[in-house]
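Here the structure comes first, spelled out in structure tokens, and everything after it is commentary.
The values are calculated or read from the model by the stated rules, or taken from the named source; none is laboratory data. Only a predicted model underlies this, so the values are computations on that prediction, with no experimental measurement involved. Positions of Cβ are backbone-derived with ideal geometry, glycine not excepted, and every protein chain shown enters the neighbour counts. What goes into the accessible areas is simple: the full protein's heavy atoms, side chains included, and nothing from ligands, DNA or RNA. Shrake-Rupley method; radii C 1.70, N 1.55, O 1.52, S 1.80 Å.
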Amino acid sequence: MEHYEFWASVPSRKRKSQEEDHDMVSICLDELNQDLLERVLSWLPTSTFFRLRSVCKRWKSVADSTSFKFACSEVPSRDPWFFMVDPNLNKWTVFDSAERSWKKLNHPAFLQHSSSNCDSMPVAASGGLVCFRKQSGALIVCNPVTGSCRGVPPAHLESGSQSLHAIAMTTYMKNQQSYKLVLVSGELPKLSCRMYNSSANCWDEEILLKRKVDESQEFDAADDNAVYFLSKAGNVVATDMQRSPSKQYSSVMTVKNGEETAYFLSSSGTIVACNLTGKCFFEYPRLLPVFYEYSIDIVECRGEMLVVLLSEFFGSASLRIWRFSEDIRSWQQIAAMPPAMSHEFYGKKVDINCVGAGDQIFICLNSAEFFSYIMCNLRNNDWVELPKCFMNGEAVEFMSAFSFEPRIEASV
């Protein structure tokens, strides 16, 4: 059996002239009672959870106990993992931001199709859970760490078979046993939403959202009737702007002053905010004129919606992060990738798919020529290219990622 111990600093009882001296007391973890041992182990990185069972019989009993999961739920936050989506949707891989390493997860049979390829793709994530959508439209919530899954009752939209724009998810952080799913559907300017609460295991009544127009915001009437738009890869097209299928229903949720808001990108590239509490929606002004080539995505960081924008002008490419200032009703830049890094994207029709987690933004960059993964730390404006994930000696390309906290106690 392995021997683990930690060191505690105890003030010396020698004369005052030697008060700065300390005696180091060695305390073996085996000497701790069960409750204290579980509390100590609950603070270990989640990646060590799978190794607990192999340490000794006592630690195995800890890993399997209900009280240990409760102790884990008392840990306020964990370094995020990023659930990676490959083009074929058949590789369960995560990037551990704490250890800066890739990890392979087992694929639960509940999410597999009878064929060799997976029938489900991730569409939303929150807390320790990831929501998947099957080709039939059924939703499944899964804890990727434990592999536990649960099917969500079907949501029958009263407004008929209208276009589904967004699937958002939020978890009650003080209670990992409860979460909410939000569906936004309809055709602009007529939108509706429906919410599922896991604690009641049912969908609420469908809510019609009214359009809210800010008098200080100028709208171009031609935008609503445009027959063309720019794709995220910068091409003028008249089809779905999302390149990655998993980002088709991508959205983010924020809570401010008690109001829940879901954000998503419309087919024309505008950012739509649905105030679920106020039962209304509005569109943000464009960051760039429609004739600029750009790739755009939205993320949630530190409780607010941010926009990641890759654009080309003056013979170079620029990747910048923006936030909308409610005070001046305008976009403000808060971070920018160093020009030496972003210049290599120029002219390569790069598509970006992003996800936020705390102060970090994980960015997947894909084009016909290359793919790369960048981590941006907003606190110090630090941009780092992450190592590639290799399987069978070859680098695997991922199209997008979903951020979740690796929590063994998160229940579906």
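Observations on the model:
- Checking Tyr249, Tyr263 one by one, the residue that is at pLDDT 70 or above, part of a loop (DSSP other than H, G, I, E, B) and crowded, with 18+ Cβ neighbours inside 10 Å is Tyr249 and no other.
- Contact annotation: residue pairs with Cβ atoms under 7 Å, 6 or more positions apart or on different chains, pairing a residue in segment 133-151 that is closer than 14 Å to Met169 by Cβ and of a type outside the set (Val, Ile, Thr) with a partner that is open to solvent by 30 Å² or more (accessible area, probe 1.4 Å) and not in a loop (DSSP other than H, G, I, E, B), are Leu139/Arg133; Cys142/Cys149.
- The lone exception for Arg329 - which of (1) in contact (Cβ under 8 Å) with a residue 60 or more places away in the chain; (2) exposed (fewer than 14 other Cβ atoms within 10 Å of the Cβ); (3) within 19 Å of the chain's Cα centre (by Cα) it fails: (3)
- The set of residues in segment 169-184 that are open to solvent by less than 90 Å² (accessible area, probe 1.4 Å) and at pLDDT below 90 comprises Thr171, Tyr172, Asn175, Gln176, Ser178.
- Test: residue in segment 293-311 that is touching a helix residue (DSSP H, G or I) at 6+ places or on another chain (Cβ under 8 Å), in the same structural domain as Arg100 (by the TED database) and surrounded by fewer than 18 Cβ atoms within 10 Å (Cβ to Cβ): no
- Matching residues, segment 33-48, being in a helix (DSSP H, G or I), within 21 Å of Ser411 (Cα to Cα) and open to solvent by 20 Å² or more (accessible area, probe 1.4 Å): Arg39, Thr48
- Selection of segment 266-289 for residues being among the small types (Gly, Ala, Ser), open to solvent by 30 Å² or more (accessible area, probe 1.4 Å) and at pLDDT 85 or above yields only Gly278.
- Only one entry of Ala233, Ala222 meets the criterion of being more than 25 Å from Ser120 (Cβ to Cβ), part of a loop (DSSP other than H, G, I, E, B) and at pLDDT below 70, and that entry is Ala233.
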